[in-house]
Number of protein chains: 2
Amino acid sequence: MFKWILVVVYRVVYSHSIRNISRCPCGQNLRNSSRFSTPQLKILEQPTNRIRYRYRSEKGSHGGLTGENSSQNKKTYPTVKLENYHSTAQVYIRASLYTNEERPKSHVHKLMGRHCNEEGHCTVPLSDNMIATFQNLGILFVGKKEVPDILYRRKLEETQVLHTSFISANPSLLSVREESERDAKDMNLNSVKICFEAFVYENDMSYAVSSPIFSRPVANQKSPDSGELKIVRMDKYCGPATGDEEVFLLCEKVNKKEIKIRFFETDSDGHQLWESFANFTEADVHHQVAIVFRTPPYRDQNIKSSVQVYVQLFRPRDGEYSEGRPFTYKPKEHDLDGVEKKRRKISHYNSGVEDISNNSNNGGNSGFVGNHSFTSLADSSHTTQSSRDSNNNNIGYYGHSSCSHDSTKRENCLQIKSNHLNRNYGPNRRKANLIENSITLFVN
Amino acid sequence: MFKWILVVVYRVVYSHSIRNISRCPCGQNLRNSSRFSTPQLKILEQPTNRIRYRYRSEKGSHGGLTGENSSQNKKTYPTVKLENYHSTAQVYIRASLYTNEERPKSHVHKLMGRHCNEEGHCTVPLSDNMIATFQNLGILFVGKKEVPDILYRRKLEETQVLHTSFISANPSLLSVREESERDAKDMNLNSVKICFEAFVYENDMSYAVSSPIFSRPVANQKSPDSGELKIVRMDKYCGPATGDEEVFLLCEKVNKKEIKIRFFETDSDGHQLWESFANFTEADVHHQVAIVFRTPPYRDQNIKSSVQVYVQLFRPRDGEYSEGRPFTYKPKEHDLDGVEKKRRKISHYNSGVEDISNNSNNGGNSGFVGNHSFTSLADSSHTTQSSRDSNNNNIGYYGHSSCSHDSTKRENCLQIKSNHLNRNYGPNRRKANLIENSITLFVN
DNA sequence: CAAGGGGTAACCCCCGCC
DNA sequence: GGCGGGGGTTACCCCTTG
């Protein structure tokens, strides 16, 4: 135990000697010591995977990082707990930003907020239950042009500390400059990890009491290469099983070179039965926020009744995808023709509910396609054409829906997003890939 | 005549004495002199009404101002002619930028290009036929932050020249600063006029030989408040006469607070018969480049056959509108039902040509709706589904076209833009509000 | 390279809500 | 008034094509 403390003290003094720009040296040496005796930090609540980084010039508070399970009603925040700590000395947890790499390095960006200092370190005291919550962590985006300079200065400082004797080839300042330039180019400015470290303070000195741990990555919401993928609106939610139906899709910023539109079908357990990708070119991506695509053919072009699948945006580079929107493949016209004419006399509502109940056993699935639930027409029949929810989104039927296969006008393919059920349905909300509480009517 | 030359010489010496930042003092005094004896500048070719202004940092050439009648095949450039000039001394024409105001003031932006100097003055010699053509005029965008300083310096220089005695109240430098700040805010940085002046040079002195004239305004193509309005794509080009059809429209950047969608109908002489505006809210404008709107009802909701009107974007602030796209109002379903079933047996192509010939007498109209021409199907039947022209635009049929009124799928409402006819159709090209050489098929 | 574009970085400001 | 968001502008940077 004594030996361990010595190691810790060495680390802290060393790290402070380099002008207070402390780094988490990943604590490999500590991690190897016995789990039974070593205090350990644990992340109780991870941060959300995305926040808009702010420039220094964007003064004022713009809201901090929430927890991954945060919701409109019940906000959570990044939270850590220190385990196996048995002393009575007050412990502080320090959070700071590191690169999103296998071996995280100190980032040029900084944490900012209530408990943060100029260097981007946020320190909060551990409460009695050994828990610390970070309620106000913003991420300060350090301008691209400043990056090489910052890295250069860090390198010089490190060199000084190591008395240069540690460095075999005596590097000229010029080569250090060049190295900094290269490193600056390599640094991903749109993704960071948060490093948490536990400290005790004594006589103006800080002593680490555990090895540092890193949060999951937090991406920059404003960057088109890491921002959230989101389908905002489509002009139709159905098409023929033969595919090649033209669809207008409005979305949040995407990179036209890095975006696909994925159609997929799952069974009632959420297992994927089929997938295919929509057809479009870079020229069909309109200013990053709209895509005109053609649907892929369904795996069976001779289906006799409608099949429900999902559409989602997909970014191969980082494997991200948007929530899925229900999409209905319809039988060929001539197959439908006889049926259609009979059906038309039946109440639209009745036939709609019929089809919904077919799908509602999807309600309890999980895994890849995430949590989602369907609700019966009775629950959402109060939503009317073009009604809007509090966020001014269209929650009535989504756009023009006739799929060029019959003459029943709009009512033949609606997508209704019920509003009043849109909250509090479990911890995996953020991972859900399907639009929540959506309902598709088939009125053939 | 001698007296007149004196006036001119005074003006030129005066204007040069203020450190070569010469202004056109609008030449009111000159304009009043006899038209018979005074040399006069005339604009033979106005500049286009829009160009993308370039920042100093956007180095290199990006193409200059063309003339208003310029076309892909035959480029024209701003051109002026000096009339009533009878001396043999070589005349030079100088162009420079002025504000787009009733009483134009020297602008902070500068002309740049082959014959331009650092101050933004472009000087070209008059040719033997008394004509000067400006082939390479770019507009340099001077940053917002620099504007107050520039205006401040100009004010100081003016004050010095006027020996302060001209100014009744001796203004403190502070109030000059404030005035500059105010003027800077008022200056429209996205619209300029070009001032043309004729000079002769003698012994390193320049002498104006005519009063200055100003071009029509040239707006900044990149500003969303003055850029060109353009409909890029729509998901359908027809709808029921009753209106309320949802349409997705992709466009170039618009300001959601300053944009309307106008439907209008003209008779064969181009006179307006009817207009109405589409229904949408600010929330339906998606990131400035897409609008989801609902069609207005046609003036007669009980039409028995299709009616062709036009859609265009309209910006009330400056009265600008985009080219019009043909849009077809269709009769109510039950009205059409009987007709439709009979028609379906007729060849689609035949019925298409029929309807086109109805419209083709629009070809020679002019005035408000501008020049446009229709071409028969025979001319453009080579365009195929989703084919693209050299600019990668869709020139095949535009999107999904079934208008929820019959089951004839896409073919029932096409818009084909013929490619090979897309040139050389007259001097008023830039004013045309209708999409050129477009053709609408009605296949009922 | 000229002649056009589209996209990004950095910044500025707007709302609705306590 | 300032928080918690969000959209839009400014200035800049780059890419296509001939």
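The values are calculated or read from the model by the stated rules, or taken from the named source; none is laboratory data. This structure is a prediction, so every number in the text was calculated from the model and none was measured. Neighbour counts run over all protein chains shown; Cβ positions are idealised from the backbone, glycine included.
Could you grab the pairs with beta carbons closer than 7 Å, sequence gap of 6+ or different chains, first residue in segment B:45-69 and on the phi > 0 side of the Ramachandran plot, second one near DNA strand D (Cβ under 8 Å from one of its atoms) and among the β-branched types (Val, Ile, Thr)? From segment B:45-69, no pairs qualify. Every condition in (1) part of a loop (DSSP other than H, G, I, E, B); (2) touching a Leu at 6+ places or on another chain (Cβ under 9 Å) is met by A:Asp225 except one, and the failing one is (2). The residues of segment B:250-260 that are within 18 Å of the chain's Cα centre (by Cα) and either of a type outside the set (Lys, Arg) or within 20 Å of B:Tyr298 (Cβ to Cβ) (or both), listed by number, are B:Cys251, B:Glu252, B:Val254, B:Asn255, B:Glu258, B:Ile259, B:Lys260.
Looking only at segment A:230-275, count every residue that is surrounded by fewer than 19 Cβ atoms within 10 Å (Cβ to Cβ) and within 15 Å of DNA strand C (Cβ to nearest atom) and tell me the total. Within segment A:230-275, residues that are surrounded by fewer than 19 Cβ atoms within 10 Å (Cβ to Cβ) and within 15 Å of DNA strand C (Cβ to nearest atom) number 6.
Return a yes/no flag: does segment B:223-236 have any residue that is at pLDDT 95 or above and more than 22 Å from A:Leu249 (Cα to Cα). Looking for residues that are at pLDDT 95 or above and more than 22 Å from A:Leu249 (Cα to Cα), one finds none in segment B:223-236, hence no. The one condition from (1) within 9 Å of chain B (Cβ to nearest Cβ); (2) more than 16 Å from DNA strand D (Cβ to nearest atom) that A:Leu250 does not meet is (2). Looking across segment A:283-319, the residues that are among the charged types (D, E, K, R) and modelled with pLDDT of 90 or more come down to A:Asp284, A:Arg294, A:Arg299, A:Asp300, A:Lys304, A:Arg315. Considering B:Lys236, B:Lys222, B:Lys144, the condition of being within 16 Å of DNA strand D (Cβ to nearest atom) and within 14 Å of chain A (Cβ to nearest Cβ) is satisfied by B:Lys222 alone.
Taken over segment A:280-307, the criterion of being surrounded by fewer than 17 Cβ atoms within 10 Å (Cβ to Cβ), closer than 19 Å to A:Lys253 by Cα and more than 11 Å from DNA strand C (Cβ to nearest atom) is satisfied by A:Thr281 alone. Among the conditions (1) within 16 Å of DNA strand D (Cβ to nearest atom); (2) buried (at least 16 other Cβ atoms within 10 Å of the Cβ); (3) in contact (Cβ under 8 Å) with a residue 60 or more places away in the chain, A:Cys122 misses just one, which is (3).
A quick yes/no check of all residues on (1) more than 25 Å from B:Asn203 (Cβ to Cβ); (2) outside the structural domain of B:Gly138 (by TED's automatic domain parsing); (3) at pLDDT 90 or above:
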position: B:Cys26; (1), (2), (3): yes, no, no
position: B:Asn32; (1), (2), (3): yes, no, no
position: B:Arg52; (1), (2), (3): yes, no, yes
position: B:Lys59; (1), (2), (3): yes, no, no
position: B:Gly67; (1), (2), (3): yes, no, yes
position: B:Tyr92; (1), (2), (3): no, no, yes
position: B:Ala95; (1), (2), (3): no, no, yes
position: B:Thr99; (1), (2), (3): yes, no, yes
position: B:Pro104; (1), (2), (3): yes, no, yes
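Residue count for segment B:70-87 under the criterion of being of a type outside the set (Ser, Thr, Tyr) and away from DNA strand C (no atom under 14 Å from the Cβ): the result is 6. For segment B:274-330, the candidate set comprises residues that are among the aromatic types (Phe, Trp, Tyr) and away from DNA strand D (no atom under 16 Å from the Cβ); within that set, the residue that is farthest from A:Ile231 (Cα to Cα) is B:Trp274.
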